[in-house]
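What follows is calculated from the coordinates using simple rules that are stated; it is not laboratory data. If you're wondering where the values come from, they're calculated on a predicted model, not measured in any experiment. Positions of Cβ are backbone-derived with ideal geometry, glycine not excepted, and every protein chain shown enters the neighbour counts.
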Amino acid sequence: MAIKKKMLAIVKYENSDNAVKLMEIDTPLINNDEVLIEVKYAGICGSDPHILHQNISYKLNIPVVLGHEYSGIIVKIGKNAKEWNIGDRVISETHYYYCNECVMCRTGNYHLCKNRMGYGFHANGAFAEYIKANKRILHKIPDNIELKEAALTEPLCVAYNAIVNNSSFKPGDSALIIGPGTIGLTSLMILNNMGAFRLSIIGIEPDKEKLLNAKDLGATDTCFSSEWETIENLIKKTYQGYGFDVVIDSVGSADTLNIAIKAVKPLGEIIKIGWGPKPINYSLDEIIAKSAKLIGCFSHHWIVWEKCINLLKSRKINLTPLITHIKSLKEWREAFELVERLKAIKVLFKI
């Protein structure tokens, strides 16, 4: 199949509210270490509508093609990427660039490189017909995994890195997940695989259907964040009523962090994945009083991707039930609205 010289892409074209549109741009040119990938499916992250409305705390390289969760097929190979073949089904990490020289890169923590450029934020991303990727961030999709499910590997990696690598969770521990979105539900799947004793998840009223999905995926209890008496009862059900060993905050707002602080047990851990650009405006002294840990967790790296691919290949985890809507790039406004109005778990673009 011939590679198009121009491609359709969803572009954030200036740093202002609603400054996003579908446009035709040049297809990427690759260097010797890169491959060109024809995007097949791309997932809308909760951060993408925030970028649309400029409700973010980080800088973008404008103009930029949005999107960082995707799967696709290699259609062109640089001369130094001969270990890959045209036709290979692949996914890639979200790190378009990292320096490979600093202390973070040299210790395998290149996802924290201060020079890192992420797809959809600092480099053109996956809401397009083509994307280019360095060979060092590529991963092959197992034959038994469909391309649309593979496109959800990135949020699974976020949850895996947060829980397996950054928390002290052990089999038999209790866990509370705040937010039944993709990250929250993939966290639920991982914690279930790890032998959680009590696994509770809370959301807001528009999350009613997602909370039902959480029950189907193995949640012990679900409730709304407005039902504080119910949350207190969940805390009482934990070991001697002290609270949850681990609380996963996949939302990131001041309100959800406040819930996490009250729900975590003494010496427990709050794993904060969700971003929150607004000030919290309350004391964190309760963390001190509980000698609890507040742990920020960002992104992932190569071995996390390989472990998550193993989980998918073995069918220990099945991400297909999280896909609720599939749209075209031309339907991007409707797709974003589904996410903003909390009417979907995962919306994919089929490209």
Item to check | Long pairs among K236/K278; K148/K316; K114/K313; K12/K350; K21/K208; K82/K327, criterion Cα-Cα beyond 28 Å | outcome: K236/K278; K114/K313; K21/K208; K82/K327
Checklist outcome for this item: Taking placed amide H atoms and a strict 5 Å upper bound, the residues 5 or more places from V247 or on another chain that come that close are L176, E269, I270, I271
Next on the checklist: Please report the net charge: other residues with Cβ closer than 11 Å to the Cβ of N258, K and R +1, D and E -1.
Outcome noted: -2
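Using +1 on the beta carbon of Lys and Arg, -1 on that of Asp and Glu, and nothing else charged, what's the dipole of the range 165-296 about the Cα centre, debye to 20? It would help to have the intermediate numbers written out before the result.
Working: 13 positive and 15 negative charges, 61 e Å.
Roughly 300 debye for the range 165-296.
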Item to check | Centroid-to-centroid separation of the range 282-331 and the range 176-221 [C-alpha atoms, Å] | outcome: 12
Checklist entry - Which of K313, K76, K59 moves the most in a Gaussian network model of the chain with Cα springs under 10 Å? => result K59
Item to check | Cα extents of the range 1-133 along the three principal axes, largest first (Å) | outcome: 42, 41, 20
Next on the checklist: Less than 12 Å Cβ to Cβ from Y160, Lys/Arg counted +1 and Asp/Glu -1: what total charge do the surrounding residues give?
Outcome noted: 0
Checklist entry - What residue among G108, G179, G203 shows peak mean-square fluctuation when the chain is described by a Gaussian network model with Cα springs under 10 Å? => result G108
Next on the checklist: Which residues among the range 310-348 fall inside the zone where the amide N is under 20 Å from a point 7 Å beyond the Cα of I73, along Cα→Cβ?
Outcome noted: 327-329, 348
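Which of D173, D17 comes first, and how do the rest follow, when ranked by fewest Cβ neighbours within 10 Å? Write down the numbers at each step before the final one.
Values: D173 23, D17 10.
Exposure proxy ranking, most exposed first: D17, D173.
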Next on the checklist: With a cap of 13 neighbouring Cβ atoms within 10 Å, and only residues DSSP puts in a loop, list the chymotrypsin sites (Phe, Trp or Tyr not before Pro) found in the range 1-73.
Outcome noted: Y13, Y58
Next on the checklist: With unit charges on the beta carbons (Lys and Arg positive, Asp and Glu negative) and the dipole taken about the Cα centre of the chain, which residue among G203, H50, I190 sits farthest to the positive side?
Outcome noted: I190
Next on the checklist: About the Cα centre, and with charges only on the beta carbon of Lys, Arg (+1) and Asp, Glu (-1), how big is the dipole of the chain? Nearest 20 debye, please.
Outcome noted: 800
Checklist entry - For all pairs of alpha-carbon atoms in the range 139-209, what percent lies in each bin of width 5 Å, listed from the first bin to the last filled one? => result 3, 15, 23, 21, 17, 12, 7, 1
Checklist entry - For V20, what is the net charge nearby, where nearby means another residue's Cβ is under 12 Å from its Cβ and Lys, Arg count +1, Asp, Glu -1? => result 0
Checklist entry - For the pair Y58 and N80, how long in nm is the line joining their label points, each one 7 Å along Cα→Cβ? => result 2.6
Next on the checklist: With θ taken as phi - 60° and the coefficients 6.51, -1.76 and 1.60, list the Karplus ³J(HN,Hα) couplings across the range 4-20 in order, rounded to whole Hz; mark glycine and proline as x.
Outcome noted: 5, 7, 10, 9, 7, 7, 8, 10, 8, 9, 7, 7, 8, 4, 6, 8, 9
Item to check | Estimated [θ] at 222 nm from DSSP helical runs (n ≥ 4, -39500 (n - 2.57)) normalised by residues in the chain, nearest 500 | outcome: -7000 deg cm²/dmol
Checklist outcome for this item: Rh (Kirkwood, all Cα-Cα pairs) for the range 165-296, Å, reads 14.4
Item to check | Which listed pairs, of K6/K135; K210/K290; K40/K132; K59/K132; K59/K79, have C-alpha distances above 25 Å, in listed order | outcome: K210/K290; K59/K79
